[in-house]
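The numbers here are math on the coordinates, done by the rules we state, and not lab data. Model, not experiment: these values are computed from the prediction. Counting neighbours? That spans all protein chains shown, and the Cβs are built from the backbone with ideal geometry, glycine included.
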Amino acid sequence: MSLLAPLFLLGGLAIALPVVFHLVRRSAREKVVFGSLMFLRPSPPTLTQRSRLEHILLLLLRCLVIAILALGFARPFFKKSAAALPPAAAGDRVVVLVDTSASMRREGLWPEALAAAQAALKRASAADRVAVMVFDDQVHSVVSFEEWTAMNISERAALAAEKLATLKPGWRSTRLANALIAAADLLEDTGKREPDASPLRIVLISDLQEGSRLEGLQGHDWPRGLEVVVEPVQAKRHTNAGLQWVSDANETARPDADPVVRIRVSNSADAAREQFQIRWAGDTGAAPLDAYVPPGQSRIMPAPKLPAVAASDRIVLTGDDDDFDNTAYVVQPKAEAVTVLYLGGESESDSSQALFYLERAFEDTRRQTVRIITGSASPSATNRLVIVSGALAPDRCAEVRQFATNGGTVLFVMNDAASSDTLGQLVGASETGVTEAAVANYSMFSQIDFEHPLFAPFADPRFGDFTKVRFWKHRHLPAGELSGARVIARFDDNDPAILEIPAVRGHVFVFTFSWRPADGQFALSSKFVPLIYSLLDQAGGLKTRFSQYRVGDAVDLSTLAANSGGVGLSIRKPGGEQVSLARGEPHFTQTDEPGIYEVFSYPSSVRFAVNLDPSESRTAPLSLDELERLGVPMKPAAMNAAQTAARQQALRDSELEARQKLWRWLILAALVLLMLETGLSGWLTRRPAARIEAAA
């Protein structure tokens, strides 16, 4: 017989208690009634013989109950030979998960990770099934369970290690949560296809830097029996400072303003140095900038001023131990040219006309320059918006209508009722029924659809008050005469003020009022500029063009593809590799290394910069307690063979004891003996009393 918890046998020492109690002699229990004893001095009875055990059978019962209880709590079981045990599992299912993110490019980390992975593969027994996966912000399989099983048993570890050695850390960020969940899902899915009771284990080999993304770990439902073994690799030197480009906060600055490059320097929490230098790459003549950044902190500062005659697109940090994140690539964004075609025949210098105010509504910034084209130009694909003010000739109406049909946006401003024929030709209505509205004093907007994208900038109640904008004139337009028309705003007399009419792929917006000062206060109000900008935004004219991306980001090149005249785009990567983008594909996703990328398209080329994710610069080790706090089923580092054998033996013993459950029978025997002891004790107590009554 063996015991699962032998320390409980120490409870058997309590057997001494009944023996002691039986040796202690009590004072005389039999009493004889005498007369008055008030004149006698009380004295205890004198024992004339040594203490001796009484009621031996009762003592034995009590000692036996204590011994049985101690034995029951020790959880005894009968050992069986290995042949009598159930057949062992086919082996463990193990996923070796290796970090290949950018932070693993630090000196000495990748060789150490390969050595740790090779050791983990060699520890696998012939019955184990092993898969090898690598991860950064994505998870990739190197060796699947099926490939491992198909390999020769004696060559499995060497072949898997050889495959892993062909890889190197990339430049992407670390998404540790996604990797652990993907490995756990693989183990669980394999168990569903091949049901067995094999232990599940993930061997995580990583530098476990603080910048690892852990979103999604908390509350995740891990497979039953899973253990995560962490084998961290550590850099030989700890000081690591990272450099990141910070976008210019002053987006409204004029295009001719001097660009200011702002950078962020972050220092790792376990750094040993705090003094660094920042300079432009190459011989630019710019003086380097000293930066003081304490460990665990970051500083934002302007980059050194670059001389006008010098050119550089890289800022370099020096002074730390690892240089994988010491370069920031900079491409200043170019202002996007947006053209608006105005068809109205007005002078831009006449303050009584609408064009005068429209010219001054748009301000050039670093992001875009808006150019208004007037005259006899025809609508084209380069125009983001066409504004029609007044009547047009039939041939010009046909051109504008075709522009809207092809997906363009048209704004028709009704200066008077005489322009109703032009509106009818634009929207394909034979009769519009436009008349001058009878305005007694002035009109105001009373019903506005703030859910429409055109009025999205005014959805906040702080900006949605139009009661101070007054109109002296407007036109009455029966909305029911126009097919598919949606009224966005109405005047207080219930006449439509702003309408949207679909035109196959495009849209036609109609203002039944003009913003000429003679017609109202709209052009001089604070609502005019935001509404015109919102209209241009609806026309797709204010798409922000980014020039800075992070490794792994998808770059939207749809605008370039649309303006390339059907010619496919070609992208040159920092290493010189040329990549062609398939026709109709608007996104470029091969941003797998930092540097300057150049897109060749018709009629011009565009450059953009790709930089490292700032989280990779946070290289201080992550505490394992944080993973445990998030619910990851952690386990200490791999045990040696003796510890593993002892653990497996303990599991088998626990399984045997759980099946036999001898402790239940021992507890039942103790209860039966307690009942016998209680009955015997009661009988022995009643017997002296019966003798006294008989003597009386």
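Miscellaneous remarks
- Taking Val246, Val606 and counting other C-beta atoms within 10 Å, the order from fewest to most: Val246, Val606
- Here the residues Val510, Val487, ranked from fewest to most Cβ neighbours within 10 Å of their Cβ, fall in the order Val487, Val510.
- Label of the coordinate-derived value, Kirkwood radius over Cα pairs in Å, listed as (i) 31.4; (ii) 34.5; (iii) 28.8: (ii)
- Other residues lying with their Cβ under 9 Å from the Cβ of Thr374 contribute a combined charge of -2, Lys and Arg counting +1, Asp and Glu -1.
- Crossing angle, helix 109-123 versus the chain [Cα axis fit, 0-90 degrees, rounded to tens]: 40 degrees
- In plain terms, the chain from Glu585 to Ser378 could stretch by 71.5 nm, reckoned as 0.36 nm per residue minus the Cα-Cα distance.
- Cβ-Cβ FRET estimate between Leu684 and Ala650, R0 fixed at 35 Å, reported to 0.05: 0.15
- Local charge for Lys473 was computed over the other residues whose Cβ lies under 14 Å away, with Lys and Arg +1 and Asp and Glu -1, and equals -2.
- Set of lysines with alpha-carbon distance to Lys122 below 17 Å, sequence-local pairs under 8 removed: Lys163
- Label point distance in nm, Ala14-Ser605, each placed 7 Å from Cα along Cα→Cβ: 8.8 nm
- Over region 336-538, relative contact order from alpha-carbon pairs under 8 Å, at least 6 apart, %: 22 percent
- In the structure shown, the pairs Lys236/Lys305; Lys168/Lys573; Lys168/Lys192; Lys473/Lys527 are assessed against 28 Å; a Cα-Cα span above that value is assigned to Lys236/Lys305; Lys168/Lys192.
- Filtered trypsin sites (Lys or Arg not before Pro), region 129-230: DSSP coil and at most 10 other beta carbons within 10 Å: Arg224
- Compared with the dominant Cα axis of the chain, that is its longest principal axis, helix 176-193 is turned about 60°.
- Take every DSSP beta bridge whose two residues both sit in region 336-538; close to 45 percent of them are antiparallel.
- In this label model, Ser144 and Asp556 are separated by 3.6 nm, measuring between points 7 Å along each Cα→Cβ vector.
- Charge context of Ala670, other residues only, Cβ under 13 angstrom, K/R +1, D/E -1: +1
- Antiparallel DSSP beta bridges within the chain, as percent of all bridges there, nearest 5: 55 percent
- Close amide H contacts of Val246 (hydrogens built in the peptide plane, cut-off under 5 Å, sequence separation of 5 or more or a different chain): Arg262, Ile263, Arg264.
- Global form of region 182-246, assessed from the alpha-carbon gyration tensor, a/c cut-off 1.5: prolate
- For the chain, averaging the sequence separation of C-alpha pairs within contact (under 8 Å, six or more residues apart) and dividing by the residue count gives a relative contact order of 14 percent.
- Cβ crowding within 10 Å, taken as a proxy for footprinting-reagent exposure, orders Trp683, Trp110, Trp515 from fewest neighbours to most as Trp683, Trp110, Trp515.
- Applying 0.36 nm per residue to the separation of Ser125 and Phe78 and subtracting their alpha-carbon distance, the gain on full extension is 14.0 nm.
- Here the label points at Ala115 and Arg470, each 7 Å from Cα along the C-beta direction, are separated by 8.6 nm in the simple model.
- Helix 528-538 axis, angle to the chain major axis (alpha carbon atoms, nearest 10°): 70 degrees
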